[in-house]
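Beneath this line is the structure, given in structure tokens, with notes to follow.
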Amino acid sequence: MTRRILRWLGIATLVIGYPLLAHYTNESAQNSNLGALVAIAPVVLIALVLAWNSPRRVIMLGALMLSCVALWAGWSALEQHFGLVYWLQNVGMQLILFMTFGRTLIAGRQPLCTRFAEAVHAPLTPQHELYARQVTVAWTLFFAVMALVSTGLFFLAPLVIWSFFANFLTLPLVALMFIAEYWIRRWVLPEMRQTRILDAVRAYRNTSARPR
């Protein structure tokens, strides 16, 4: 129980603390060294986890060490453009989610939201299948728009404005989209009103864990 509480506290600290620290480094050019460090830390950490879990651990860890040496050699350039790293992380995640939903709309594939719906409500009615496909389209467009807005703000607006959008509005907008879809579903599919939002979250976790 204590371990679970500590884990969730750690996740909450990371989710809240990292955006605050990232935004702080974007507010002033005097934070360039800290900004470069905070910007590159998630990339290095993810690379370390992937390398450690790789079947070719020694090779991957060696490649990671060489990459870190290259980062150290080019640290001054990274300090001057650390905002670009932040943007690449943000827009990269939006594009990954865009492709995750969008590729399931290709002919012959099952829309992602249909897969989630089946995990909770199988078998689905034709109306529910149609709705689930439309929701998949909506999420695909949502992440495309998020990527475009992030890119537009980064290149056309001051860095601090883009930082506020990326660090403080991205997750709330995703949550708002999730809640809006829930209430629209209750209106369009009244027979599904007993379904809770957490059911969709569990469906996502269960579906993601299945071998494909």
For segment 113-159, the count of residues that are hydrophobic (A, V, I, L, M, F, W, C), modelled with pLDDT of 95 or more and within 22 Å of residue 85 (Cα to Cα) equals 12
Please go through segment 154-169 and pick out each residue that is part of a helix (DSSP H, G or I) and closer than 17 Å to residue 25 by Cβ. 154, 159, 160, 161, 162, 163, 164, 165, 166, 167, 168
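Here are some residues: 100, 104, 25. Which one is among the polar types (S, T, N, Q) and in contact with a Lys or Arg (Cβ under 8 Å, 6 or more places away or on another chain)?
Numbers: 100 fails: in contact with a Lys or Arg (Cβ under 8 Å, 6 or more places away or on another chain); 25 fails: in contact with a Lys or Arg (Cβ under 8 Å, 6 or more places away or on another chain).
Of 100, 104, 25, the one residue that is among the polar types (S, T, N, Q) and in contact with a Lys or Arg (Cβ under 8 Å, 6 or more places away or on another chain) is 104.
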Mind listing just one residue for me: the one in segment 112-134 that is without any contact (Cβ under 8 Å) to a residue 12 or more places away in the chain and part of a helix (DSSP H, G or I) and, of those, farthest from residue 98 (Cα to Cα)? 126
Scan of segment 136-152 for residues that are over 15 Å from the mean Cα position of the chain (by Cα), farther than 18 Å from residue 163 by Cα and in contact (Cβ under 8 Å) with a residue 40 or more places away in the chain, ordered by number: 138
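The values are calculated or read from the model by the stated rules, or taken from the named source; none is laboratory data. Computed from a predicted structure; not experimentally measured. Cβ atoms come from the backbone with ideal geometry, glycine included; neighbour counts cover every protein chain shown.
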